[in-house]
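Novice: My questions will all concern the structure given below.
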Amino acid sequence: MEAPQYVAARVQSALAEDERTHELGIRVDVRGGQLFLRGRVTGEERRLLIADVAREAAPGLTVRNEIVVMEVRDPEPGQEETL
Amino acid sequence: MRELRIAAVGDVHLDESLRGRYRVHLRDIGEHADVLLLAGDLTRHGTLEEARVVADEFRDLPVPVVAVLGNHDHHSNHPAEIAAMLSEVGIKVLHDEAVVLDVDGARLGVVGGKGFGGGYAGKCASDFGEPEIKAFVGHTKRIADRWRVALKELDADRRIVLSHYSPVKDTLIGEPLEIYPFLGSYLLAEAVDAEGADLIVHGHAHAGTERGVTPGGIRVRNVALPVLGRAYGLYRL
């Protein structure tokens, strides 16, 4: 059986190098036969695409897609900083 | 001289699917800021199609826009074409050089460039060994040298350094320690500390932290969009 560390590394490389994703900011962990994806992206479509690419790179593992979709907010009063 | 209001964001990673979705947050920027700084990774893959979206999102704003490119903007080997497309819509793209903006009579100087990696003092790559390592470290050294010269020659009332890679570790907190050498280099901070600046802004480290400071006491802000969670950071100088 392939060591989970190598599977996680392969998924991480696939997310960075696959032209559908080019995603460097996702944390990948293989634990208990499951593949965990964590991080923040800008849309649901992208969240699902990342899971697709990860699944292809690690067939046979259950993908737990814990990536969060980040909603960009308007700057709010009080968030301005005086330096 | 009145305070200057700086808006800054990096890592917007725009593509056709996001067209119009960032610009909606810029509708009031003229009321909040005097200038908008873009800290690189404006595209996802560095294609000209994505650069067109970037140009359309940031064109014709009521404030000047100054940008640097990031590693994603280099991925398709078209950084010069991307910079030219942004320049055509009035965005000033800095490549290890300075621009001085006149803001109601106050001179705001911005020195900027992509920056690069290598790591932080005492735990970094050295200019030693194989040519590949020398090329990696040498790239950062040359960039730091150009920033030093640009800052030395800069004549302005306020001085900002705009980078993609991080000059300090403080703003990387949250990122895995093992990848720090790919997130920035202390050589960038050393150059800025030597010549002085009022603020350094950077992106690149999506899981990092907004606020940090150089060894010489210059404030550093990581304005990567996932770090801010808001359309841009606002800083008064």
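The values are calculated or read from the model by the stated rules, or taken from the named source; none is laboratory data. Note that the structure is a prediction, hence the values are computed from the model and not measured. Here the Cβ is made from the backbone with ideal geometry for all residues, glycine too, and neighbour counts use every protein chain on show. These area figures cover heavy atoms from the full protein model, side chains too; ligands, DNA and RNA do not enter into them. Shrake-Rupley method; radii C 1.70, N 1.55, O 1.52, S 1.80 Å.
Novice: Of the numbered conditions (1) within 12 Å of chain A (Cβ to nearest Cβ); (2) modelled with pLDDT under 95, B:GLY20 fails exactly one; give the number of that condition.
Specialist: Among (1) within 12 Å of chain A (Cβ to nearest Cβ); (2) modelled with pLDDT under 95, B:GLY20 violates only (1).
Novice: I'm told B:ILE82 meets every condition in (1) of a type outside the set (Phe, Trp, Tyr); (2) away from chain A (no Cβ under 14 Å); (3) open to solvent by 40 Å² or more (accessible area, probe 1.4 Å) except one. Can you identify the failing condition by its number?
Specialist: Unmet condition: (3).
Listed here are the residues, each with its yes/no results for (1) more than 30 Å from A:GLU71 (Cβ to Cβ); (2) surrounded by fewer than 24 Cβ atoms within 10 Å (Cβ to Cβ).
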site: B:LEU177; (1), (2): no, yes
site: B:TYR180; (1), (2): no, yes
site: B:GLY184; (1), (2): no, no
site: B:GLU190; (1), (2): yes, yes
site: B:ALA194; (1), (2): yes, yes
site: B:THR209; (1), (2): no, yes
site: B:GLY212; (1), (2): no, yes
site: B:ARG219; (1), (2): no, yes
site: B:TYR232; (1), (2): no, no
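Novice: If you don't mind, there's one more thing I want to ask. Residues of region B:28-70 being modelled with pLDDT of 95 or more, open to solvent by 30 Å² or more (accessible area, probe 1.4 Å) and farther than 18 Å from B:ALA8 by Cα, which ones?
Specialist: Residues satisfying the conditions are B:THR47, B:LEU48, B:GLU49, B:ARG52.
Novice: Here is a follow-up. Starting from region B:196-214, keep only residues that are facing another protein chain (nearest Cβ under 9 Å) and basic (Lys, Arg), then list their pairs with residues that are assigned to a strand (DSSP E or B) and open to solvent by less than 20 Å² (accessible area, probe 1.4 Å) whose Cβ atoms are within a distance under 8 Å, requiring at least 6 positions of separation or different chains.
Specialist: Going by the 8 Å Cβ cut-off, the qualifying pairs are B:ARG211/B:VAL220; B:ARG211/B:ARG221; B:ARG211/B:ASN222.
Novice: Could you check how many residues of region B:1-25 are without any contact (Cβ under 8 Å) to a residue 60 or more places away in the chain, open to solvent by 30 Å² or more (accessible area, probe 1.4 Å) and not polar (S, T, N, Q)?
Specialist: Number satisfying all stated conditions: 7.
Novice: Output the number of residues of region A:37-65 satisfying the condition of being loosely packed, with under 14 Cβ neighbours inside 10 Å and assigned to a loop (DSSP other than H, G, I, E, B).
Specialist: Final tally of qualifying residues: 2.
Novice: For region A:24-78: of the residues being closer than 26 Å to B:THR43 by Cα and of a type in the set (S, T, N, Q), which is farthest from the other protein chains (Cβ to nearest Cβ)?
Specialist: If we take residues in region A:24-78 being closer than 26 Å to B:THR43 by Cα and of a type in the set (S, T, N, Q), then A:ASN65 is farthest from the other protein chains (Cβ to nearest Cβ).
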